[in-house]
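A quick write-up on the structure given underneath.
The values are calculated or read from the model by the stated rules, or taken from the named source; none is laboratory data. Worth saying up front: this structure is predicted, and the values here are computed from it rather than measured. Methodologically, a virtual Cβ is constructed for each residue, glycine included, from the backbone with ideal geometry; neighbour enumeration extends over all protein chains shown.
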Amino acid sequence: MKVLGGVLAALAVLALPLLDPLTRARFINAWVIEWGFPLLLLVVLVILVVVFAAMERVAIAIVIGVLGIAGLIGYGNARSYAQLTAYAATVHESNDPMPTLKERAPFLVAERQASSNLSGINGQISATDYLADSNRYSTLVDRKGMGNPGYAAIINQSIALTGQASGKPCLFDEQNASQRMDGFFGNSLTRAIAAKDSLLIATKDDAWGYCDGDVPKIVVPVTKLNGWFSPVHVPAGVAIYDGKTGNVELRDEVKAGELPGPAIALSYVHRVNESMATRGGDWWSMIMGQSGLTDEVKDSNDPNKDNPSAFSLAYKDEPGSVYASPFTSRASSRSIEDIALLESGHVKAGESPSVTLYHLETPRQSNAATADKIKADYSDLNGWATGLQVMEVIPVSHDEWAASIGLNQNVSYRVLVKTDGSSCLTKDGETLRCIDKDGKTVGTSTDPGKEPASTTAVPGEIGALSNEQLAQLQDAVTKEVLKRLNQK
């Protein structure tokens, strides 16, 4: 009895950390659900080896150990593949044209411009997200201090397709709302969510914020693990943190339009995208890289290298929003062949979101090649030598892609590119000119039959030229002079 009492006392001491909600949640999700079955197999294997070794049947113990380890490795591979195929099973292929999506200002421009709105705020920028349902960028600002004491503000930015942003912050109540996702102890929003439900999984990278009037709110799309032999994440609703009162609200269902941003965790989207490696082949062909799709960057000069997929975009002709992810073959091809749209504006706990894979009849050249072609087609734009660059090439329809041209914190032009290589250059909603698939100028509007407007003028009219037209004229004269000199 004394031995039993001692064992129970030891177990009670070991279980004390489980009184903490976050520790308890992590123990249940990681050690019981996610890794519980592999650990059980390992414990059984160790017991068998120890028992046969104690019986001096060393040979049998060695055989059991070797076969057991081989079995665990086989189970690990089968489990990983089963998890990928479970996510891939939620993806449905469609032969219909992809729905038209709204364009957005480049993510990197919004991220860089957020700092200009930090004046008077005691904090540092944490994360920026595009809220497709409200056509705004939102930036979380962490409060400075010991123990990561909550958020300081949310910067709500409105950015036109060309130009700079206009932003306005909404401030957190420092006394009543002192929690954030990576906060310590009582400052931990992750711990506050776990106290509501130990089975919920909430991660920092999935959190985003918005201003509800002057009230800052943090939205954390959450997931739960489903299954034990090969557990997978499934959406479980959202947690909403009030930046004035500090209250945490759990919603197991969000309908389209109820929130200005995504109700599906970005980490879940990445898992679905990773599962596309299983398409068109078996386990071995996936391991060898001979089948499947990938959203990984293959070129170092890809304009999307910092944000290659899972673009949060809104439908153009209907309510709702999606995560749009372009895919290339996992083989050597760099051409974009497929686009997956994952419904992101609504969620219901326990249900997987709708994911549709659209195959492009005419694959589009890589982002790097597209950027190079844009630079070649519009090489006369003033500024390429001083930092002008192509930023964020995103899908907007079945055969159209939108790209931005600009500097770090300013968008100067937009380019609408078709899969055949033709494109149109716009600024402030006005089409400047178009280039056909052969690289010839076909007009100053999207109407290919319209003749291009002249960018030059007779000497008597040179004073009437705009700065841009004057720069174009200067570039044209310089090129012509060099051409004639080289012909001599």
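What pairs come up if the first residue lies in segment 50-72 and is without any contact (Cβ under 8 Å) to a residue 24 or more places away in the chain and aromatic (Phe, Trp, Tyr), the second is loosely packed, with under 11 Cβ neighbours inside 10 Å and not in a helix (DSSP H, G or I), and their beta carbons are under 6 Å apart, counting only those six or more places apart or on different chains?
Listed by first residue and then by second, the contacts come to nothing, as the list is empty.
When you go through (1) part of a helix (DSSP H, G or I); (2) of a type in the set (Val, Ile, Thr); (3) modelled with pLDDT under 60 one by one for residue 478, which number turns out not to apply?
Here residue 478 meets the rest and fails (3).
Consider segment 418-456. How many of its residues are buried (at least 16 other Cβ atoms within 10 Å of the Cβ), out of contact with any strand residue (DSSP E or B) (no Cβ under 7 Å at 6 or more places or on another chain) and modelled with pLDDT under 85?
Residues that pass the stated criteria total 1.
Suppose we filter segment 401-431 for residues that are of a type in the set (Gly, Ala, Ser) and part of a strand (DSSP E or B); how many remain? Lay out the reasoning, then the answer.
From segment 401-431, those of a type in the set (Gly, Ala, Ser) are 402-404, 406, 412, 421-423, 429; that's our starting set.
Retained after the next criterion (residues that are part of a strand (DSSP E or B)): 402-404, 406, 412, 423.
Within segment 401-431, residues that are of a type in the set (Gly, Ala, Ser) and part of a strand (DSSP E or B) number 6.
Being of a type in the set (A, V, I, L, M, F, W, C) and part of a helix (DSSP H, G or I) is the filter here, so list the residues in segment 99-124 that pass it.
Residues of segment 99-124 that are of a type in the set (A, V, I, L, M, F, W, C), as a first pass: 101, 105, 107-110, 114, 118, 121.
Hits for segment 99-124 are 107, 108, 109, 110, 114.
Please state which of the following conditions residue 178 fails to meet, knowing it meets all the rest: (1) touching a residue at least 24 places away in the same chain (Cβ under 8 Å); (2) in a strand (DSSP E or B); (3) surrounded by 16 or more Cβ atoms within 10 Å (Cβ to Cβ).
For residue 178, the failing item is (2).
Evaluate segment 157-180: report whether one residue or more is at pLDDT 95 or above, of a type in the set (S, T, N, Q) and within 21 Å of the chain's Cα centre (by Cα).
No, segment 157-180 has no match at all.
What is the residue count in segment 276-311 for residues that are crowded, with 18+ Cβ neighbours inside 10 Å and among the polar types (S, T, N, Q)?
5
With the checklist (1) touching a strand residue (DSSP E or B) at 6+ places or on another chain (Cβ under 8 Å); (2) over 16 Å from residue 209 (Cα atoms); (3) at pLDDT below 90; (4) among the charged types (D, E, K, R) in hand, flag the one item residue 111 doesn't pass.
That leaves (2) as the condition not met.
Tally the residues that are over 30 Å from residue 344 (Cβ atoms) and either hydroxyl-bearing (Ser, Thr, Tyr) or modelled with pLDDT under 85 (or both), restricting the search to segment 272-289.
Qualifying residue count, segment 272-289: 1.
Among the residues of segment 145-152, is there at least one that is part of a strand (DSSP E or B) and farther than 16 Å from residue 248 by Cα?
yes
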